[in-house]
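Where a number appears in this text, it was derived from the coordinates with a stated rule and is not lab data. Given the structure is predicted, the values throughout are model-derived calculations rather than measurements. A quick note on method: Cβ atoms are made from the backbone with ideal geometry, for glycine too, and the neighbour counts reach across all protein chains shown.
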Amino acid sequence: MDIIKKDQAFVIEDTSGKIIASISYQKDKDNIILANSTYVDPSLRGQGVARQLLDRLAEYARENDLKIRPLCSYVVDAFEKYDAYQDVQLKK
């Protein structure tokens, strides 16, 4: 599955172009983005797709010297569970 950047999101599309998984963000301040929504179609759940999307968002943040403020519950939980995102997590 290819993860594509579209506007302020990273998405996975099916063969017809329908978005079947996404993680979206919005710009907050100069170097801060808000991870505000994660969606994975039921047919893909349990396959690590949300984690792949978050990995791509974290990679984007690293490439652009950004910090991520987690707003959606998936990203909040992932930031608490995995150390891999400590460098991009906005500390309170």
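Laid out as a table, the results:
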read-out: For the range 27-35, 3J(HN,Hα) per residue [Karplus equation, 6.51 cos²θ - 1.76 cosθ + 1.60, θ = phi - 60°, Hz, x = Gly/Pro]; value: 6, 10, 10, 3, 10, 10, 10, 9, 7
read-out: Positive minus negative residues near Ala21 (Lys, Arg vs Asp, Glu; Cβ under 15 Å); value: +1
read-out: Ratio of Rg to Rh over the chain (Cα coordinates, Kirkwood Rh, two decimals); value: 0.95
read-out: Efficiency of FRET from Cβ geometry, Lys91 and Gln26, R₀ 22 Å, rounded to 0.05; value: 0.65
read-out: DSSP-defined beta bridges in the chain - what % are antiparallel, rounded to 5; value: 75 percent
read-out: GNM top mover of Ser73, Ser16, Ser24 - the chain, alpha-carbon springs below 10 Å; value: Ser16
read-out: Cα-centred dipole magnitude for the range 4-85, charges only on beta-carbon of K, R (+1) and D, E (-1), debye, nearest 20; value: 100 debye
read-out: Estimated vicinal HN-Hα couplings, Hz - the range 56-65 in sequence order (Karplus 6.51, -1.76, 1.60; Gly, Pro = x); value: 5, 5, 5, 4, 4, 4, 5, 4, 10, 6
read-out: Phi to ³J(HN,Hα) by Karplus 6.51 cos²θ - 1.76 cosθ + 1.60 over the range 10-16, Hz, x for Gly, Pro; value: 10, 10, 10, 10, 7, 5, 8
